[in-house]
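The values are calculated or read from the model by the stated rules, or taken from the named source; none is laboratory data. Worth saying up front: this structure is predicted, and the values here are computed from it rather than measured. In this analysis, Cβ positions are derived from the backbone assuming ideal geometry, glycine residues included, and neighbour counts consider all displayed protein chains. Ligands, DNA and RNA are stripped out before the accessible areas are found, and what is left, the full protein with its side chains, is counted by its heavy atoms. Shrake-Rupley method; radii C 1.70, N 1.55, O 1.52, S 1.80 Å.
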Amino acid sequence: MEKYYGAAMIAVICVLILFIGAMKQKAEALTTFVLRAFAGAVGIYAVNEILRGQGFSVLPGVNPVTVLTVGSLGISGFALIYAILIYHLL
């Protein structure tokens, strides 16, 4: 009977370790998303100010859609937002 308790305890500890590892990965993913979204919002604002100084009037805004796009896709999402803008201007 003690063998079964020992095996059960080992199984519970293994599952607990796997759970902790999974939570760590999710926390890293969330941290990465938030940092990308913040950097993207600052980047969009900075590029918009530069383009506004050059005389462009149609610019993407910093809104939930653009922040989610940049947060999800990173630099490629940032480029996508401005590529869509350029396509729209054509």
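What the table shows:
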read-out: Subset tally (residues that are surrounded by 11 or more Cβ atoms within 10 Å (Cβ to Cβ) and among the polar types (S, T, N, Q)) for region 5-35; value: 1
read-out: So residue 57, is it of a type in the set (Ser, Thr, Tyr) and open to solvent by 100 Å² or more (accessible area, probe 1.4 Å); value: yes
read-out: Residue list for region 45-72, filter: without any contact (Cβ under 8 Å) to a residue 12 or more places away in the chain and aliphatic (A, V, I, L, M); value: 46, 50, 51, 65
read-out: Every residue from region 60-90 that is open to solvent by 40 Å² or more (accessible area, probe 1.4 Å), under 22 Å from the mean Cα position of the chain (by Cα) and either among the hydroxyl-bearing types (Ser, Thr, Tyr) or farther than 23 Å from residue 31 by Cα (or both); value: 72, 76, 83, 84
read-out: Unmet requirement for residue 38, which otherwise passes all of (1) open to solvent by less than 70 Å² (accessible area, probe 1.4 Å); (2) within 17 Å of residue 77 (Cβ to Cβ); (3) not aliphatic (A, V, I, L, M); value: (1)
